[in-house]
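Have a look at the structure below before the remarks.
What follows is calculated from the coordinates using simple rules that are stated; it is not laboratory data. Worth saying up front: this structure is predicted, and the values here are computed from it rather than measured. All Cβ positions, glycine included, derive from the backbone under ideal geometry; neighbour counts span all protein chains shown.
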Amino acid sequence: MLNSLINAGLKTWADGIRIKQNLPVRLSLWSGGSVDLGQFKEPVVHLHVKEPSALPMLMEPSLDSLGEAYIKQKIDIEGSLRDIIDVAYRLSAAQSEGSGLASIVKRFTHSKEEDKEAIQYHYDVSNEFYRCWLDQNMVYSCAYFENGDETLEEAQLKKIDHILTKIRLKRGQNLLDIGCGWGALVIRAAEKFGANCIGITLSQNQYDLARKRVSDAGLSDRIEIRLQDYRDVTGKFDRITSVGMFEHVGKDNLPAYFKKVCDLLADDGIVMNHGITASDPDNRDTSALGGDFIDKYVFPSGELPHVSLAMRTMQQGGLEPLDAECLRRHYARTLTCWAERFENCTEAIRSIVGETRYRIWRVYLAGCAHAFAIGNVSIFQLVAQKAGRDADSIPWSRRYVYAKNSAPDV
């Protein structure tokens, strides 16, 4: 009797999907039967439903529920990762349109203790884990594909040079890198641009490896790596960079964050903020976009502001935005590269972090690549200086950003 009710409900749902979306998907059930969600000769995606408890997650799908079913091994999926993510988005979008899911505004307190815990949860998985799928310098942020045909290694190095050129970094200047990762930017800034650098992180694993890399490069006299919250930094810096960090700050805290950056900046200094932004100008979230899944399993307490909010709070903090560049296409490519490398290292990653975390990161990377590709999220580099400076401090054009050999090796 129960199986008859389940099959009847599943058939009704599948009929609706076939009519509305005609997805190239076959569901294979734990009972041995199968259901097609479209008309096709062969399915592009084959979804194995391993137990009845997975059905509510499928029949009322969101990216959150579909991701949950996958990482809890209630479903298994065959097909290319790109096709799998595309199907997940199409299913969740149909459910969102049909149910009128409300947009919500999330807020987290972002105390120093909570931020440290969130950072260490995300970044202290294992250095070996990140080494499997990042570039050789372990740069965990959007790369810069100047021509579109660069390798990931080339594009990450170009991204760092792009940033350091944008802020007009000069020999002997003091640079603060907020959220320094494994040290790639500060090492490049010291080696190529001749800067004196401080890099800060809340990740113990990043701190340990960054210090080792600095020492191995013979740059300990020019670079200091600290395990420190940005709110505890003191002093003045000619240049400040923040790459892939302000997503951890919290929307309500952005004015105070930029005020702190402004206080740390020398009067004639320049700051670059490179961060992911939301597509909704009202800064809302919706469960259709997988935010709950990401917050629970990947990126606790992360908040993405719209670029308009980032620029407004930057000004509230005492900074004048000088330049904004959208790198959405670059992050879609970066994440695709990461996802492909991740797939190629499947067994090594499983052995390092186990099946559950492997599944979490597999769908996270591929899902984010899709989100950037279709414009659900974006990313901007914002360059700023202290407000109220003379107009002569602003370059006439952006030509200096693209001038070849603008920063010769030192």
Between helix 346-374 and the chain: long-axis angle, C-alpha atoms, 0 to 90°, nearest 10: 80
Candidate lysines for bridging to LYS20, where Cα separation is under 16 Å - those fewer than 8 sequence places away on the same chain excluded: LYS11
Using alpha-carbon coordinates, inclination of helix 328-344 to the longest axis of the chain, degrees: 60
Cysteines not pairable in the chain (beta carbon separation under 4.7 Å absent): CYS142, CYS180, CYS197, CYS262, CYS326, CYS337, CYS368
Euclidean distance between Cα centres, the range 350-390 to the range 12-28, Å: 31
Protection proxy ranking, peptides 388-394, 351-357, average beta carbon neighbours within 10 Å, highest first: 351-357, 388-394
The chain: calculated mean residue ellipticity at 222 nm from DSSP helix runs of at least 4, using -39500 (n - 2.57): -14500 deg cm²/dmol
Listed residues ALA366, ALA348, ALA266, most fluctuating in the chain (Gaussian network, C-alpha, under 10 Å): ALA348
Burial order of peptide ranges 210-219, 195-204 (average beta-carbon count within 10 Å, highest first): 195-204, 210-219
Protection proxy ranking, peptides 222-230, 59-67, average beta carbon neighbours within 10 Å, highest first: 59-67, 222-230
Acute angle (nearest 10 degrees) that the helix 81-99 long axis makes with the longest principal axis of the chain, alpha-carbon atoms: 80
Listed residue pairs exceeding 32 Å between alpha carbons, taken from LYS259/LYS296; LYS74/LYS212; LYS192/LYS260: LYS74/LYS212
